[in-house]
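Everything below concerns the one structure shown next.
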Amino acid sequence: MATENKLQRSLFDEVMVPCYSPMDIIPVRGQGSRLWDQQQREYIDFAGGIAVSCLGHCHPKMVAALTEQAQQLWHLSNVMTNEPALRLADKLTQLTFADKVFLANSGAEANEAALKLARRYAVDNFSAEKDQIIAFNHGFHGRTFFTVTVGGQSSYSDGFGPKPQAVTHIPYNDVAAIEALIGDKTCAVMMEPLQGEGGVISPSLEFVQRVRQLCDKHQALLIFDEVQTGNGRTGDLFAYQGLGVTPDILTTAKSLGGGFPVAAMLTTASLASHLKVGTHGSTYGGNPLACAVAEAVVDEISQPAVLAGVKQRELWFREALTQINSRYPIFSEIRGKGLLLGAVLTPEWQGRARDILVAAGNEGLMVLVAGTDVVRFTPSLVIEKNDIDEGMQRLEAAIATLYNYHC
């Protein structure tokens, strides 16, 4: 196809709702941790579709699973079940604390199901007055009106009319704050076991343990949003397993399908019993295509060698970023766990995370931001060492350009 006949970025502004502002480049092909745009320029991918492409692009086991299922069965309503959905749910229960699984399409849908279950459990067992949901500042739980209200960034939920009520936000990692707030009217505490969008912030073990204790004391449910941290991202299959604190409800999406839309809410049998027939549902939840791909992903990332490899890659990333920072000191710390890492900008460089993202793109590297002061990295969990090395060279070139101009 001639260049002049290719679809242009300008068409987005003509036909798309303007709630996004995508970059000018349009990728057309991917393999592993590399992407190519319409002009066949190559990029190394340290972003992974925001912690989604956990096995990189076009992983052969995912391609094989999708191709095989595409020749068998595409869709059924939830009046019936299907074999890929049953296999996926069975594996998720075998690998986690959960007894039961609700399948959905996105992290927001999984979180919506979790919040509805918490409220229904409280109504069934206590009263409608036990409705308080405690969440945390800078948390992110999705874009439905319920989940965006529970998320701790009011700018995302303001301007849409009356918000869902009885949702209270407190500082993350603050034991005293939750001790002061939680009570017998609390039905649930919802938290990320490592905040991603909010700045790549890890909790202290003391904080997570105390939240669990307080939930037990006040008969409130603990919901872990593992949409970003789950499926090997932190070096454990799910982050709760590395913390040694088990939630009552867990949500997962993003990398569960490695790029194919799928999500799940996991919980115990006793809690799941409160979502009786007709109380909740999803047209596409449990879709055979999605579940076949997700099963292939889970089979791959649950292997001990893959999870150990995530921890090794974390060391490679940290070492490379530290070396870059020794030459161009713009980072105050590297935080996070596994391959959910954030490079925090020094006071002098705060507000310039997007500048680094753009400069990196110009050098052929894709990175992310988490707010205005943190450069975020969520690459493939199986990214090759040479891709890391070359990507870091491109990142250093981008930073050098900005640093020399700044100075």
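The values are calculated or read from the model by the stated rules, or taken from the named source; none is laboratory data. Note that the structure is predicted; figures quoted are calculated from it, not measured. Cβ: placed from backbone, ideal geometry, glycine included. Neighbour counts: every protein chain shown. Keep in mind that these areas ignore ligands, DNA and RNA; they rest on the heavy atoms of the full protein, side chains included. Shrake-Rupley method; radii C 1.70, N 1.55, O 1.52, S 1.80 Å.
The table for this structure:
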{"item": "Cα-based helix-to-principal-axis angle, 205-217 vs the chain, degrees rounded to 10", "result": "20 degrees"}
{"item": "Gain upon complete extension [Arg9, Thr268; 0.36 nm per residue less C-alpha separation]", "result": "88.6 nm"}
{"item": "Modelled label reach - Asp184, point 7 Å along Cα→Cβ, the range 209-240 residues with backbone N closer than 18 Å", "result": "214-221"}
{"item": "Virtual spin-label span in nm between Asp37 and Glu384, 7 Å along Cα→Cβ", "result": "2.3 nm"}
{"item": "DSSP bridge orientation in the chain - percent antiparallel, rounded to nearest 5", "result": "65 percent"}
{"item": "Contact order normalised by residue count of the range 60-302, Cα under 8 Å, 6+ apart, percent", "result": "30 percent"}
{"item": "Nearest-0.05 FRET efficiency for Val277 and Met80, computed from C-beta distance (R0 22 Å)", "result": "0.95"}
{"item": "Between the range 354-398 and the range 242-284, the alpha-carbon center distance in angstrom", "result": "31 Å"}
{"item": "Amide N proximity, the range 257-275 versus Cys19 label position 7 Å along Cα-to-Cβ, cut-off under 18 Å", "result": "261-262"}
{"item": "The range 91-157: GluC sites (Glu not before Pro) in DSSP coil with no more than 13 other Cβ atoms inside 10 Å", "result": "Glu129"}
{"item": "Accessible surface of the range 60-302, 1.4 Å probe, proportion on carbon and sulfur as whole %", "result": "53 percent"}
{"item": "Of the trypsin sites (Lys or Arg not before Pro) in the range 224-314, those whose Cβ has at most 15 other Cβ within 10 Å and which sit in DSSP loop", "result": "Lys276"}
{"item": "1.4 Å probe accessible area per residue over the range 249-407, in Å²", "result": "39 Å²"}
{"item": "Distance between the range 166-220 and the range 7-46 - C-alpha centres, whole angstrom", "result": "38 Å"}
{"item": "C-alpha long axis of helix 353-362 to longest principal axis of the chain, angle in °", "result": "50 degrees"}
{"item": "Beta bridges by DSSP in the range 171-326, antiparallel share as percent, to the nearest 5", "result": "40 percent"}
{"item": "Given (i) 62, 54, 46; (ii) 67, 65, 62; (iii) 64, 45, 41, the label whose value is Cα extents along the principal axes in Å derived from this model", "result": "(i)"}
{"item": "Helix-only mean residue ellipticity at 222 nm for the chain, each DSSP H run of n ≥ 4 adding -39500 (n - 2.57), per residue, nearest 500", "result": "-12000 deg cm²/dmol"}
{"item": "Debye-sum result for the range 60-302 in log10 I(q)/I(0), which assumes one identical scatterer on each alpha carbon, at q = 0.08, 0.11 Å⁻¹", "result": "-0.29, -0.54"}
{"item": "The chain, relative contact order in percent, only Cα pairs under 8 angstrom and at least six apart counted", "result": "22 percent"}
{"item": "Loop chymotrypsin sites (Phe, Trp or Tyr not before Pro), the range 151-221 (other Cβ atoms within 10 Å of the site Cβ: 14 or fewer; DSSP)", "result": "Phe160"}
{"item": "The range 60-302: antiparallel DSSP beta bridges as a percent of all, rounded to 5", "result": "40 percent"}
